[in-house]
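Shown next, in structure tokens, is the structure this report addresses.
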Amino acid sequence: MPTDVIMPKLGLTMEEGTAVTWRLAPGDRVAEGQILLDIETDKVVVEVEAPAAGVLGPLLVGDGQKAPVGGILARIYGPGEQVAGDSVAAPRITPLAPGMAEQAGVDLDAVSVSSATGRVTAADVQAALGKTAQGEGLGPAPRPPTLVEPRATRSPTAPQNWGDRGARHFSSPRARKRAKELGLDWRTLTGSGPRGRVIERDVLVAAARPPSIPPTVAKPPSIPPTRGEEVRWEAPSPVQRVVAERMAASFGSAPHFYLSAEVRADVLLAVHDRLLPIVERRAGVRLTLTDLLVRIVAAALAEHPRANAFWHDGRVGVHARVNVGIAVTTEAGLVVPVLRDADRKPLAQIAAERSELVEKARTGRLMPDDLAGGTFTLTNLGMYRVDSFQAILNPPQSAILAVGRIVERPAVIDGGLAVRPACVLTLSCDHRVLDGVSGAQFLGRVAELIEEPYGLLV
Amino acid sequence: MRELSYRDALNEALHEEMTRDPRVFVLGEDVGRYGGVLQVTRGLLDKFGEKRVRDTPISEAGIMGLAVGAAMTGMRPVAEIMYIDFSALAMDQIVNQAAKAHYMFGGKTRVPLVMRTQGGGGRGNAAQHSQSLEMWYVHVPGLIVVQPSTPYDAKGLLKSAIRDDNPVIFIEHKLLYNTAGPVPEGEYLIPIGVADVKRLGNHVTIVATSRMVLFALEAAETLAEQGIQAEVIDPRTLKPLDLATIVQSVEKTGRLVVVNEGALTGGFTAEVAARVQRAAFDWLDAPIMQVATEDVPLPYNGRLEFEAIPSVQDIVLAARGALYWNAG
Amino acid sequence: MNLSRDQLVDLYHRMWLIRYFDEAARALFMGNMLRGTTHTCTGQEAVAVGACAALRRDDYITSTHRGHGHCLAKGGDPRAMMAELLGRVTGYCKGKGGSMHIADLDLGILGANGIVGGGIGLATGAAYSADLRGSGQVVVCFFGDGASNQGILMEAGNMAALWQLPIIYLCEQNQYAEFSPSRPFIAVERLEMKAQAFGMPGLTVDGNDLLAVYQAVRGAVERARAGGGPTFLVAHTYRIEGHTVGDPLTYRPKEEAALWKSPERDPISRFGRRLVGELGFAEADLESLRQKARADIDDAIAFGKASPEPEIAALWEDVYA
């Protein structure tokens, strides 16, 4: 019996995952424990190891395709086992749809489903795209630009390495012909094929975009370096890629606005000093200012549910629980582990859990459950020389609190000038969920609790 | 419509043509009393007698030579070469004599013969009984090469081959004889040189021959589950090739997978790819994919043979590759 | 002897026709008028003419790369043949066959053949066809001692004997196989012994004696036509020229060819002597026949040279019927 490679269930909340990048191709030899592919859950990219040694069979879930937890991604065939005609479990979104939607800028969730199976199909995406495609099928969407050549080029002499995307700009003949017909310059388009090859779909998608957003304007990153300029290209890690995509999507879709407030921190520091030995005794971990901030933010969120909400499909969803995400920078990139029910946990427990999450993040052992379910994010650059900063919302959350460093600042007290430690809080808000006043009320409460942490006891 | 096996469809074609035209006769090893190693000629001896249903010695060159001479002098022989592998023994008769006579003698000689034979692997017959040598004959001007994939096509094409005034290499597949399919009662012909679209689709064109047509149709089912609509074209006649039907499809889909059971190098897939890129370059949205047998003599062992011959999954992967769908 | 005087005159004329045709072919080739290669049958005229004299117009022959003689002997038109050698559209094959590929189905000539032994299989098929159709036609399959070593002879000979086909396998033992003497390559003492393996009569005849060839073939033809089956007949003769025009003939002594060219052995001289000595023909009549043959060939050359070359469009014509 061949061994199934399944979509692992990496946490209680995980229902499905996406195969991001297969590291091996069908027919490749696999050692047990070898990394087979990267999968992406709603929060994290995880490497999947081969459960057995053998030969990798056909990829049942290709790059970019989703599979339910437990779904078979591929099979590994041991000696004596014949590669059978594997079939794929029907996905809820047909494989064509996501790539096409992504390329065309169509929100898959906004696409109305026409098929009886309830699956979102390419045709649905195309219908959502509108009429500009001139009755021509866009054809199925391409997958990321690696190509399993069938047996024709399986021989060792066959070129397998596409090499660097150099200065040349590739296109298929069909794409060029179609671009000409549609009056587009294919050289200005982003190709989705191997080596960035512009294929017909890219042309049709470009043609289908509203003319007010000419595709040529929308891509400054493709401006090549001037001649003679030396550039070293670095591929992002899977985590970096996900972050990049999410941040770009967030910044492009959620209307951000920012509220700032300076708060005194002398009492907070004093409380921290007093509680430090107590927490250490109780939980065996060192209490940090972040722990205190988590506790304070959680309390404020419980009182101001609008800041613990999200925008979806024209409506506001309000979370019942308060799960505070803590932004942690690791070698692999930015991750946001989540401290659940932070409004109901004692400080010692928060400190213990925070400590464990950060440690896992630094050593790359975070599991998807650790990253799932955040309702608000706290990002603290207090340890760096940053006075204040504006964070990008962590979608679909509607608010994120950015905390700068605590430094001695002059303050006017009772008409006199005094010096005391203070820091600047900056709240980023999704205006679809929070308006200025509700944002200000929430930020005000946070400021109040930082300045007078004893309020937590009330 | 009634169902007939590929074998019975061929047998029926022979019965009908021999009844219709007294010039038609069959010859070959074990074709008479035994009814043919694959039983395609059974019942003919009793009906038409031993001169028209000639059991021959094991002499492939002699069989084909005799067929050439008889064809040049007014008969319409249908010679059976038990396995296409054995046709190598008769190569001079087929290539230097049958294929050349009409042109070489200024158009005054005709060689209306049919060489019926069977090719293909998949049954563990090993290196000398499993080859797909159709391209040897496709390469020779003057020959017509036919490879039916269904009982319906087999009957209609064999009748057309017998009536054709040229030497026709009619290649059956050893794993198709027991397949069944609809075959209408009564007379019908399938024209030589006309492809058949076995399945309609918009996303990718799959051109496949002989048993690979069945594989391609199965692959198309799998692809459909994944949201890919494949168009499957069976050329039926490899030479002359109905390029127009293929090009028309590629103009629609922009993507082409060519599947053939012959060895990859210098094979049918390369030939079709070369012609299509010339005829439809501006319509291609992806490189043309080739799915063919490994460049090895076919092994006896089942695992090895399965690995060597294209599988349904190979076709699925190639089609996905043509759509930029696979990871690597 | 059941040949009329007119027939004998015709046979004599035809031998000269062959001699002059091949001399002309040789000269044209050396004059760079012919492409490819050309094989002459000088010295073997009696075999072709004697054998074909025993055949009906609708009987079949298959010929060889050294086939000009067979074709002329069976009634081939020197004009169409010469035009073919010159690659002209008026040639037997519209200029697309050349010296080695002349056929005339109307005369039962199933073609010369560029493959040594290439005619053996199809000759047997023609015999099978004649038998199937009950036409009473007989086939003479010409081939040489070199071709006698080809495997197809074994296969076809067996079939012909099995089914008692009306065919004569006529082996012209001209003593050379391409650029080598044939003797060192033939294991049996005498070629006709091969007939035993096929299960058919094996006969031998002096191939430079036209009337002897005629008698032998006639006997075999009569037997075949009556349903008596095939015959293997070996005609001993000599290839006076090389394998091809331009062959340096380094593999044989010069004196050998000189001996066979002598009037004692030359088949045309021998037949002429019998016509004059035994059958009462006048020397002068024979001389005028010789001159007529020469004139016929001159006319054929003139015809060929005056004929147009094929249009380019002909390249793609007649690939398929």
Check: Considering B:G62, B:G35, which residue is free of Cβ contacts under 8 Å to residues at least 40 places away in the same chain, away from chain C (no Cβ under 14 Å) and in contact with a helix residue (DSSP H, G or I) (Cβ under 9 Å, 6 or more places away or on another chain)?
Finding: B:G35
Next item on the list: Could you run through region C:60-97 and say how many residues are within 11 Å of chain B (Cβ to nearest Cβ) and either under 16 Å from the mean Cα position of the chain (by Cα) or under 27 Å from C:R223 (Cβ atoms) (or both)?
Entry: 2
Note to self: Restricting to region A:231-275, count the residues that are among the charged types (D, E, K, R), in contact with a helix residue (DSSP H, G or I) (Cβ under 9 Å, 6 or more places away or on another chain) and assigned to a helix (DSSP H, G or I).
What the structure shows: 1
Next item on the list: Count, please, the residues in region B:282-291 that happen to be among the β-branched types (V, I, T) and not in a strand (DSSP E or B).
Entry: 1
Item checked: Extreme residue, modelled with the lowest pLDDT, among residues of region A:3-58 that are among the charged types (D, E, K, R) and touching a helix residue (DSSP H, G or I) at 6+ places or on another chain (Cβ under 7 Å) -> A:K43
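Rundown of residues vs (1) facing chain A (nearest Cβ under 7 Å); (2) surrounded by 23 or more Cβ atoms within 10 Å (Cβ to Cβ), yes/no style:
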{"residue": "B:A219", "(1), (2)": "no, yes"}
{"residue": "B:R236", "(1), (2)": "no, yes"}
{"residue": "B:T253", "(1), (2)": "no, yes"}
{"residue": "B:T265", "(1), (2)": "no, no"}
{"residue": "B:P299", "(1), (2)": "no, no"}
{"residue": "B:L304", "(1), (2)": "no, no"}
{"residue": "B:L317", "(1), (2)": "yes, yes"}
Note to self: Being acidic (D, E), more than 9 Å from every other protein chain (Cβ to nearest Cβ), touching a His at 6+ places or on another chain (Cβ under 8 Å) and assigned to a helix (DSSP H, G or I) is the requirement here; does B:D46 meet it?
What the structure shows: no
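In region A:1-79, which strands (runs of 3 or more DSSP E) lie fully inside it and hold 3 or more residues that are in contact with a Lys or Arg (Cβ under 9 Å, 6 or more places away or on another chain)?
In region A:1-79, A:3-6, A:16-22, A:35-40, A:54-56 are the strands (runs of 3 or more DSSP E) which contain 3 or more residues that are in contact with a Lys or Arg (Cβ under 9 Å, 6 or more places away or on another chain).
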Next item on the list: Run down B:R211, B:R275 and say which single residue is charged (D, E, K, R), under 19 Å from A:R174 (Cα atoms) and more than 13 Å from chain A (Cβ to nearest Cβ).
Entry: B:R275
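With the condition kept exactly as written, say whether any residue in region B:217-228 is closer than 23 Å to B:Q313 by Cα, in contact with a helix residue (DSSP H, G or I) (Cβ under 6 Å, 6 or more places away or on another chain) and without any contact (Cβ under 8 Å) to a residue 60 or more places away in the chain.
Yes, the conditions are met somewhere in region B:217-228.
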Next item on the list: Mind listing just one residue for me: the one in region A:426-439 that is at pLDDT below 95, closer than 17 Å to A:A391 by Cα and among the aliphatic types (A, V, I, L, M) and, of those, nearest to the chain's Cα centre (by Cα)?
Entry: A:V433
Note to self: Looking at (1) surrounded by 21 or more Cβ atoms within 10 Å (Cβ to Cβ); (2) on the phi > 0 side of the Ramachandran plot, which one does B:L27 not meet, given that it meets all the others?
What the structure shows: (2)
Margin query: Here are the criteria: (1) touching a helix residue (DSSP H, G or I) at 6+ places or on another chain (Cβ under 7 Å); (2) within 23 Å of A:R23 (Cβ to Cβ); (3) among the aromatic types (F, W, Y). Tell me which single one B:W283 does not satisfy.
Written below: (2)
Note to self: Looking at the structure I just gave you, is B:A292 under 18 Å from B:D234 (Cα atoms), facing chain A (nearest Cβ under 7 Å) and in contact with a strand residue (DSSP E or B) (Cβ under 6 Å, 6 or more places away or on another chain)?
What the structure shows: yes
Check: Mind checking which residues of region A:172-185 are buried (at least 23 other Cβ atoms within 10 Å of the Cβ) and either modelled with pLDDT under 80 or under 22 Å from B:G321 (Cβ atoms) (or both)?
Finding: A:S172, A:R174, A:A175, A:R178
Note to self: Cβ contacts < 6 Å: first residue within 13 Å of chain B (Cβ to nearest Cβ) and among the polar types (S, T, N, Q), restricted to region C:157-184; second residue crowded, with 19+ Cβ neighbours inside 10 Å and part of a loop (DSSP other than H, G, I, E, B), any location; separation 6+ or different chain. Result?
What the structure shows: C:Q164/C:G229
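I want to confirm something. Restricting to region A:15-31 and keeping residues that are in contact with a strand residue (DSSP E or B) (Cβ under 8 Å, 6 or more places away or on another chain) and under 13 Å from A:G54 (Cα atoms), which single residue is nearest to the other protein chains (Cβ to nearest Cβ)?
In the first step, residues of region A:15-31 are kept if they are in contact with a strand residue (DSSP E or B) (Cβ under 8 Å, 6 or more places away or on another chain); the result is A:15-30.
Those left that are additionally under 13 Å from A:G54 (Cα atoms): A:24-30.
On the way: A:L24: 8, A:A25: 4, A:P26: 6, A:G27: 9, A:D28: 9, A:R29: 14, A:V30: 14 Å.
Filtering first and then ranking leaves A:A25.
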Checklist line | Residues of region C:149-170 satisfying the condition of being crowded, with 24+ Cβ neighbours inside 10 Å, over 14 Å from the mean Cα position of the chain (by Cα) and either modelled with pLDDT under 95 or not aliphatic (A, V, I, L, M) (or both) | finding: C:E155, C:G157, C:P166
Next item on the list: Could you check, for region C:190-207, whether at least one of its residues is assigned to a loop (DSSP other than H, G, I, E, B) and basic (K, R)?
Entry: yes
Next item on the list: State whether the residues of region B:38-54 include one that is surrounded by fewer than 22 Cβ atoms within 10 Å (Cβ to Cβ), farther than 29 Å from C:Y60 by Cα and of a type in the set (S, T, Y).
Entry: no
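Would you confirm whether or not region B:73-92 contains a residue that is of a type in the set (G, A, S), over 24 Å from B:Q128 (Cα atoms), touching a residue at least 40 places away in the same chain (Cβ under 8 Å) and not in a helix (DSSP H, G or I)? Quick ask: steps written out before the conclusion?
Just the residues of region B:73-92 that are of a type in the set (G, A, S), to begin with: B:74, B:79, B:87-88, B:90.
Narrowing further to those that are over 24 Å from B:Q128 (Cα atoms): B:74.
Next, only the ones that are touching a residue at least 40 places away in the same chain (Cβ under 8 Å) stay: B:74.
Pick out the ones that are also not in a helix (DSSP H, G or I) and you get B:74.
Scanning region B:73-92 turns up at least one residue that is of a type in the set (G, A, S), over 24 Å from B:Q128 (Cα atoms), touching a residue at least 40 places away in the same chain (Cβ under 8 Å) and not in a helix (DSSP H, G or I).
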Next item on the list: For B:L323, indicate whether it is facing chain A (nearest Cβ under 9 Å), touching a helix residue (DSSP H, G or I) at 6+ places or on another chain (Cβ under 7 Å), farther than 25 Å from B:E172 by Cα and not hydroxyl-bearing (S, T, Y).
Entry: no
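Residues that are of a type in the set (V, I, T): find the strands (runs of 3 or more DSSP E) completely inside region B:167-281 holding 1 or more of those. Full working, then the answer.
Working: elements: B:168-173, B:180-182, B:196-199, B:204-208, B:230-234, B:237-239, B:256-263.
Once the strands (runs of 3 or more DSSP E) in region B:167-281 are filtered for at least 1 residues that are of a type in the set (V, I, T), what remains is B:168-173, B:196-199, B:204-208, B:230-234, B:237-239, B:256-263.
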Margin query: I'm trying to understand the selection: among the residues of region A:302-326, which are surrounded by 20 or more Cβ atoms within 10 Å (Cβ to Cβ) and among the aliphatic types (A, V, I, L, M)?
Written below: A:A307, A:A309, A:V322, A:V324, A:I326
Item checked: Sole exception among (1) in contact with a Leu (Cβ under 8 Å, 6 or more places away or on another chain); (2) assigned to a loop (DSSP other than H, G, I, E, B) for C:Y214, by number -> (2)
Next item on the list: With the condition kept exactly as written, say whether any residue in region C:112-122 is over 22 Å from B:I94 (Cα atoms) and more than 9 Å from chain B (Cβ to nearest Cβ).
Entry: no
Next item on the list: Go through (1) touching a strand residue (DSSP E or B) at 6+ places or on another chain (Cβ under 7 Å); (2) charged (D, E, K, R); (3) farther than 22 Å from B:Q131 by Cβ; (4) away from chain C (no Cβ under 14 Å) one by one and return the number of the condition B:E80 breaks.
Entry: (3)
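The values are calculated or read from the model by the stated rules, or taken from the named source; none is laboratory data. Because the structure is a prediction, the values reported are computed rather than measured. Cβ coordinates were reconstructed from backbone atoms using ideal geometry, including for glycine residues, and neighbour counts include every protein chain displayed.
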